[in-house]
Number of protein chains: 2
Amino acid sequence: MARKQGIIDCDVHPYPTSIDEIKHYLEQPWKERYSGAGRGMYNNPVNNGRMDARTPSGGPSGSDPAYLRRHHLDVYGIQYAILMPRAFCNWLPDPDFATAIAAAYNQWLADKWLDNNNEDGVYKGSITIAHQDPLAAAKEIEKWAGHPHFVQVMTDSGSRVAFGQRQYYPIFEACQKYGLPFAIHPGTDSVGINDAPTVGYPTHFIEWFTLLSNSFASHLVSMLTEGVFERFPGLQVVLVEGGVSWLAPLMWRLDANYKALRYEVPWLKKLPSEYLRDHVRVTSQPLERPNNDAHLLNILDAMDAEHILMFASDYPHFDFDSPKYAFPKLPDALYQRIFYQNAKEFYHLE
Amino acid sequence: MARKQGIIDCDVHPYPTSIDEIKHYLEQPWKERYSGAGRGMYNNPVNNGRMDARTPSGGPSGSDPAYLRRHHLDVYGIQYAILMPRAFCNWLPDPDFATAIAAAYNQWLADKWLDNNNEDGVYKGSITIAHQDPLAAAKEIEKWAGHPHFVQVMTDSGSRVAFGQRQYYPIFEACQKYGLPFAIHPGTDSVGINDAPTVGYPTHFIEWFTLLSNSFASHLVSMLTEGVFERFPGLQVVLVEGGVSWLAPLMWRLDANYKALRYEVPWLKKLPSEYLRDHVRVTSQPLERPNNDAHLLNILDAMDAEHILMFASDYPHFDFDSPKYAFPKLPDALYQRIFYQNAKEFYHLE
């Protein structure tokens with residue numbers, strides 16, 4: 001059944017009902033070793049999932065496609081939900097293990113959320129990759145490219161080096177070849193083999209969680225200054241759940257530095273902010289909400305939210321942004337682009 | 001000679017004429033080992049100092065108190081210049097060597113810039129510390145406390161862990177005891193023993209230089225969430241040359257996270273942004289300049305620049321901000337606070 005035009009939610013998290021759903025897709029020795037998708041030493045001290053999102057049968061939040069549809073999509077008139085599974089494979093030192101987990105999550109997502117329980121086509125998927133092994137990641141992308149419901153490639157912002165660096169190019173080459181955006185989502189930052197985007201390691205979850213935006217700033221500046229978008233002119237990138245309001249100030253700073261220092265990066269042919277406009281999109285949750293709405297509306301204007309920003313709810317997480325209440329009152333045309341049009345164009349959705 | 005009320009410039013860099021000026025104050029074995037204040041692997045590919053600031057006798061930019069007065073202070077009517085020497089001692093693994101360099105710089109600054117060549121009292125100094133050895137740093141602070149022209153303690157943003165962490169408390173205790181603000185200035189980030197505030201290490205100077213603001217975000221969030229200002233209620237902090245416009249978005253994010261996660265940091269008794277208002281100041285250079293002045297004026301309003309922001313030029317560096325041209329046209333009252341009153345109150349200047 002086709003759904004009428006509504007909202008596109010660019011960050012919805014599907015979870016397995018239990019670890020066995022993922023183990024089912026793992027071969028030995030990984031099946032035996034796999035103990036679930038922990039997030040390591042920075043765990044939310046309060047409940048990370050919305051308690052009211054647990055399924056009627058008592059399953060974890062986000063684990064039932066039919067209930068997620070009733071509890072979230074139908075309530076807000078969401079036409080498409082871009083699913084971002086949380087495989088947390090990017091903190092593991094063993095690239096084969098990480099690649100196996102990514103592959104298991106992709107097969108699980110296809111079987112449970114995309115090829116089944118998806119008659120209305122509302123669920124669109126992300127191909128999880130283990131970026132520790134860029135060549136294996138490129139193969140995994142190739143495996144799923146052409147699937148009607150996988151619309152992007154995703155990875156955690158947690159990594160050892162920033163994504164502008166050269167070892168990642170096989171991933172971008174595959175993304176470009178198959179027209180799949182590269183999505184970066186918080187997770188595994190500062191954990192396992194990954195570097196922290198802070199000075200040393202954070203002490204508390206609130207510090208880690210607040211400074212995840214440092215990861216996104218680091219990846220973005222790295223990709224812009226290394227010339228990734230000159231090398232892969234068809235590459236699209238989306239920054240998911242990394243914050244919103246830091247973007248314009250960072251681009252002011254980077255554009256100014258580019259004017260003074262372009263001698264160092266001669267492969268760039270235009271301002272970093274122009275590459276951003278042409279290649280990068282940002283999702284809205286967690287949207288900052290200053291006491292004064294005018295401050296936010298101004299920063300949305302400064303970042304060209306009309307063309308850059310795409311709505312996301314982060315359902316079913318504790319810091320969920322409601323389509324109704326997350327934003328202050330927006331002009332109709334701006335609302336339409338943020339809640340629908342930008343994502344429709346970016347993901348080529350009908 | 002007293003100078004009439006003018007501008008207070010919160011970031012002016014005095015340099016030795018040659019390495020020998022510093023060696024003069026070093027004992028063996030440091031005198032022999034010292035080879036100058038390099039900045040390591042992230043060197044500016046263009047000239048870091050203003051060529052026109054070289055002294056009439058051909059000395060390095062910023063190395064002649066009389067010429068700096070003529071070439072910078074007199075031109076703009078600057079009443080006080082807060083001097084920030086660049087000892088670059090914070091990347092060294094040996095804390096004794098680092099402490100010796102800090103001490104040498106302090107004695108040099110006193111002899112060349114504060115106790116001499118300073119009849120009008122225009123030069124105010126910063127006590128350089130080697131934060132690798134917090135107890136030795138506290139002693140160095142104590143040594144200079146009470147000097148009429150040292151007005152703050154300074155250190156590089158480059159460090160191994162963020163400044164909210166407990167090993168630094170002896171430094172803050174000394175700052176509080178002697179009423180000296182703690183100033184953080186970029187430098188030695190990602191170099192030597194120090195961590196990078198990025199995901200892995202940056203590739204180019206432009207990337208490193210742009211993302212120095214990550215260091216400041218990291219130190220600030222660390223100090224705010226660890227409760228440093230509850231433990232040291234008299235402590236004042238100033239963020240120098242770390243950027244300006246990122247502050248309000250970060251505080252929106254941190255305040256929101258505090259509301260959701262305060263369970264984890266029960267020692268905090270008010271919003272992080274309220275601690276900021278009561279304890280932290282920010283200097284203006286390098287001020288971001290978006291194409292649309294209204295975007296900047298809005299973000300200055302959002303960060304309460306009227307009470308938080310203090311003008312700085314960064315003379316004699318390549319990205320110098322002119323008192324005349326750095327800002328768009330400001331309302332008189334706001335101009336007066338940013339260019340004079342905030343710093344006068346913060347440093348208790350007459």
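The values are calculated or read from the model by the stated rules, or taken from the named source; none is laboratory data. Note that the coordinates shown come from a computational prediction; the quantities given were computed from them, not determined experimentally. Cβ atoms come from the backbone with ideal geometry, glycine included; neighbour counts cover every protein chain shown.
Structure summary
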| read-out | value |
| --- | --- |
| Segment B:262-293, residues that are farther than 25 Å from B:Ile82 by Cβ, touching a residue at least 12 places away in the same chain (Cβ under 8 Å) and more than 10 Å from chain A (Cβ to nearest Cβ) | B:Trp267, B:Lys269, B:Leu271, B:Asp293 |
| Among the residues listed as A:Ile308, A:Ile299, A:Ile338, the single one being hydrophobic (A, V, I, L, M, F, W, C), in contact with a Ser or Thr (Cβ under 6 Å, 6 or more places away or on another chain) and within 30 Å of A:His13 (Cβ to Cβ) | A:Ile299 |
| Residue in segment A:248-260 that is of a type outside the set (Lys, Arg), farther than 30 Å from A:Arg289 by Cα, facing chain B (nearest Cβ under 9 Å) and out of contact with any Phe, Trp or Tyr (no Cβ under 6 Å at 6 or more places or on another chain) present | yes |
| Criterion violated by B:Glu173 - all others in (1) part of a helix (DSSP H, G or I); (2) within 14 Å of chain A (Cβ to nearest Cβ) satisfied | (2) |
| Qualifying residue in segment B:57-79 (condition: modelled with pLDDT under 95, surrounded by fewer than 22 Cβ atoms within 10 Å (Cβ to Cβ) and in contact with a Leu (Cβ under 7 Å, 6 or more places away or on another chain)) | no |
| Residues that are under 20 Å from B:Pro186 (Cα atoms) and not in a loop (DSSP other than H, G, I, E, B), drawn from segment B:274-292 | B:Leu276, B:His279, B:Val280, B:Arg281, B:Val282, B:Thr283 |
| Residue match in segment A:123-132 (condition: in contact (Cβ under 8 Å) with a residue 40 or more places away in the chain, basic (Lys, Arg) and under 19 Å from A:Glu241 (Cα atoms)) | yes |
| Subset of segment B:232-258 that is more than 19 Å from A:Ser215 (Cβ to Cβ) and either small (Gly, Ala, Ser) or at pLDDT below 95 (or both) - its residue that is surrounded by the fewest Cβ atoms within 10 Å (Cβ to Cβ) | B:Gly234 |
| Of the criteria (1) charged (D, E, K, R); (2) in contact with a helix residue (DSSP H, G or I) (Cβ under 6 Å, 6 or more places away or on another chain); (3) surrounded by fewer than 21 Cβ atoms within 10 Å (Cβ to Cβ), which one B:Asp189 fails | (3) |
| Pairs with Cβ under 9 Å, 6+ apart, first in segment A:196-217 and more than 7 Å from chain B (Cβ to nearest Cβ) and closer than 12 Å to A:Ser157 by Cα, second of a type in the set (Ser, Thr, Tyr) and surrounded by fewer than 24 Cβ atoms within 10 Å (Cβ to Cβ) | A:Ala196/A:Ser190 |
| Which numbered condition B:Pro197 misses (of (1) farther than 22 Å from B:Asn43 by Cβ; (2) buried (at least 24 other Cβ atoms within 10 Å of the Cβ)) | (1) |
| Where a residue in segment B:39-62 is away from chain A (no Cβ under 14 Å) and its partner, wherever it lies, is surrounded by fewer than 13 Cβ atoms within 10 Å (Cβ to Cβ) and assigned to a helix (DSSP H, G or I), with Cβ under 8 Å and at least six apart | B:Ser61/B:Met51 |
| Residue that is farthest from B:Glu241 (Cα to Cα) [pool: residues in segment B:146-160 that are in contact (Cβ under 8 Å) with a residue 40 or more places away in the chain and of a type in the set (A, V, I, L, M, F, W, C)] | B:Phe150 |
| Total residues in segment B:300-343, condition within 13 Å of chain A (Cβ to nearest Cβ), in contact (Cβ under 8 Å) with a residue 12 or more places away in the chain and either of a type in the set (A, V, I, L, M) or under 24 Å from B:Glu274 (Cα atoms) (or both) | 6 |
| B:Arg281 among the charged types (D, E, K, R), within 19 Å of B:Phe346 (Cβ to Cβ) and modelled with pLDDT of 95 or more | yes |
| Sole exception among (1) within 21 Å of A:Ser313 (Cα to Cα); (2) outside any helix (DSSP H, G or I) for A:Leu68, by number | (2) |
| Cβ-Cβ under 6 Å pairs, at least 6 apart or on other chains, segment A:133-145 side without any contact (Cβ under 8 Å) to a residue 40 or more places away in the chain, far side surrounded by fewer than 20 Cβ atoms within 10 Å (Cβ to Cβ) | A:Asp133/A:Pro95; A:Pro134/A:Gln167; A:Pro134/A:Pro170; A:Leu135/A:Pro170; A:Ala138/A:Pro170; A:Ala145/A:Tyr178 |
| Matching option when the condition is touching a helix residue (DSSP H, G or I) at 6+ places or on another chain (Cβ under 8 Å) and assigned to a loop (DSSP other than H, G, I, E, B), among B:Leu220, B:Leu268 | B:Leu268 |
| Residue in segment A:143-153 that is more than 14 Å from chain B (Cβ to nearest Cβ), closer than 15 Å to A:Val228 by Cβ, buried (at least 24 other Cβ atoms within 10 Å of the Cβ) and not polar (S, T, N, Q) present | yes |
| So B:Val238, is it more than 10 Å from chain A (Cβ to nearest Cβ) and either assigned to a loop (DSSP other than H, G, I, E, B) or more than 23 Å from B:Leu92 (Cβ to Cβ) (or both) | yes |
| Criterion violated by A:Ala53 - all others in (1) over 30 Å from B:Val265 (Cβ atoms); (2) aliphatic (A, V, I, L, M); (3) modelled with pLDDT under 95 satisfied | (1) |
| Positions within segment A:154-168 being within 11 Å of another protein chain (Cβ to nearest Cβ) and among the polar types (S, T, N, Q), in sequence order | A:Ser157, A:Ser159, A:Gln165, A:Gln167 |
| Which listed residue, of B:Tyr105, B:Tyr168, B:Tyr123, is farther than 22 Å from B:Pro16 by Cβ, under 18 Å from the mean Cα position of the chain (by Cα) and of a type outside the set (S, T, N, Q) | B:Tyr168 |
| Output for segment B:323-338, where each listed residue is surrounded by 14 or more Cβ atoms within 10 Å (Cβ to Cβ) and not hydrophobic (A, V, I, L, M, F, W, C) | B:Pro323, B:Pro328, B:Tyr335, B:Gln336, B:Arg337 |
